[in-house]
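What follows is a single structure, written as structure tokens, with notes after it.
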Amino acid sequence: MALACAADFAVTLTDEAQLDDFMASGTEATADDLSLFVLSGGSNVLLPASLNAVVLQPNMRGIHVTAQTEHYVDIEVMAGENWHDLVVYTVNQGWYGLENLALIPGLTGAAPVQNIGAYGVQLEDRLQYVRAYHLPSKTWHNLSTTDCDFGYRDSIFKRAPNTWLISRVGFRLHTDPTNILASYGDVQTVAQRYAEQQDRKQPTPVDVMQAIIEIRQQKLPDPKQLPNCGSFFQNPIIDQSQFIALQATYPAIVGYPMPDAMVKVAAGWLIEQAGLKGGGITPIFTHKQQALVLTNHAPYQATQADVATAQHYIADVVYEKFAIQLSREPVWVNADGSIGHAEHVV
Ligand code: EPU
């Protein structure tokens, strides 16, 4: 989001042993009882202007094949690998399964924290295990997919912030080029066009990846050009009865059925219908092509407080119109490195 932020201390970790050493010996900073704050690529955090904490930055690199058969490839990826580069690398190797998650910003180690998801695939569908350091007990753990207790943009890592430092992520990818998931939105149509350009009858995972890159580039601003942290609000999940009542007034409302008679509503649609596509409070505005994304028009000058002001305003206008409370999606970081509660509007 390119917010102005300076931290007291930062430690970049290039291997796991370095973390053991750091935690065993402590530093001047930990002696002062500063809290530890784990920062990955920084693409989904809202940082305070002054961060009084020790920032731990996992930057271990490497991609290793750990098992391979005719049908699948198991890989272990170190936390500091760039996520999109990993997606492109695996698909080009003929190892498929991550193509729907192309162009998501950030590093691999952060991907399990919010169980990144896009175009019908969530990280948990491909993940086998996570190796992570438990900061309170200073011990290493291998966590299975079940241990991670994933939900929509959620996991044990997200629910207990600054408790785990993820160092490796294990994936099982497949080698079948006919096995694709293109049912979301216009992915199938765009992927088909890429396939035909290559004289293929059916799209392969390579075509799906190209399609998703194209779709995302059209709708989502590049954080390097116009700072943003992807979807700023979660798609709210409401009672089916409330959804049906809203449908009577707004027949075009976009919703997806969920278990337990709930409906997930497209927050981007709500914001657009509330007249706020491109709206906000200077210098934070929703994106003109995708109202769910907040953009920062004053990089490294705007602060967390500016984001909160725009967030309040947008959430209030949407609530007035639809009686639906929007929750923030990115992680709100307090000045002492603790994490604000994601459900609450600050
Ligand atoms: N819509 C509008 N106006 C807008 C934006 C969206 O009417 O300004 C409508 C669209 O027409 C569509 C519906 O809302 O009918 C859903 O829009 P879209 O397909 O663009 O997806 P989204 O719900 O806005 C979610 C994820 C994205 C993910 C896409 C694709 C959340 C909070 N967001 O967005 O994730 O890439 O689906 O799977 O779940 C992210 O988390 O940072 C992120 C970008």
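We did not get these values from a lab; they are worked out from the coordinates using the rules stated. Everything numeric in this text was worked out from a predicted model, so none of it was measured. We place every Cβ from the backbone using ideal geometry, glycine too, and count neighbours over all the protein chains shown.
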task: With a 10 Å radius around each residue's Cβ, average the other Cβ atoms per peptide and rank 97-109, 161-173, 57-69, highest first.
output: 97-109, 161-173, 57-69
message: Could you compute the net charge surrounding Lys201? Neighbours are other residues with a C-beta less than 14 Å from the C-beta of Lys201; K and R count +1, D and E count -1.
response: -1
- request: Work out from phi, with θ = phi - 60° and the Karplus expression 6.51 cos²θ - 1.76 cosθ + 1.60, the ³J(HN,Hα) of each residue of region 65-74, listed in order in whole Hz, and give x for Gly and Pro.
  value: 7, 10, 7, 8, 10, 4, 9, 9, 9, 9
message: If packing is taken as the average count of other Cβ atoms within 10 Å, what order do 142-152, 200-210 fall into, highest mean first?
response: 200-210, 142-152
- request: Collect residues whose amide H, placed 1.01 Å from N in the peptide plane, falls under 5 Å from the amide H of Val45; neighbours closer than 5 in sequence don't count.
  value: Val331
- request: Would you give the gap between the C-alpha center of region 184-247 and the C-alpha center of region 271-346, rounded to a whole Å?
  value: 22 Å
query: Given Cα pairs under 8 Å that are at least 6 residues apart, what percent is the relative contact order of region 63-174?
result: 32 percent
- prompt: Given 25 °C and 0.890 mPa s, how large is the Stokes-Einstein diffusion coefficient of region 202-346 in µm²/s, with Rh as the Kirkwood radius over Cα pairs?
  reply: 149 µm²/s
statement: The long-range amide H neighbours of Phe285, using H built 1.01 Å from N in the peptide plane and a cut-off of under 5 Å, are Thr295, His297
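Distances over 13 Å make up what percent of all Cα-Cα pairs in region 6-58?
Working: 824 of 1378 pairs.
Result for the distance tail: 60 percent.
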message: Return the Rg/Rh ratio of region 133-240 with Cα-based radii and a Kirkwood Rh.
response: 1.07
Solution diffusion estimate, µm²/s, Stokes-Einstein, the chain, Kirkwood Rh from C-alpha pairs, 4 °C, viscosity 1.567 mPa s: 61 µm²/s
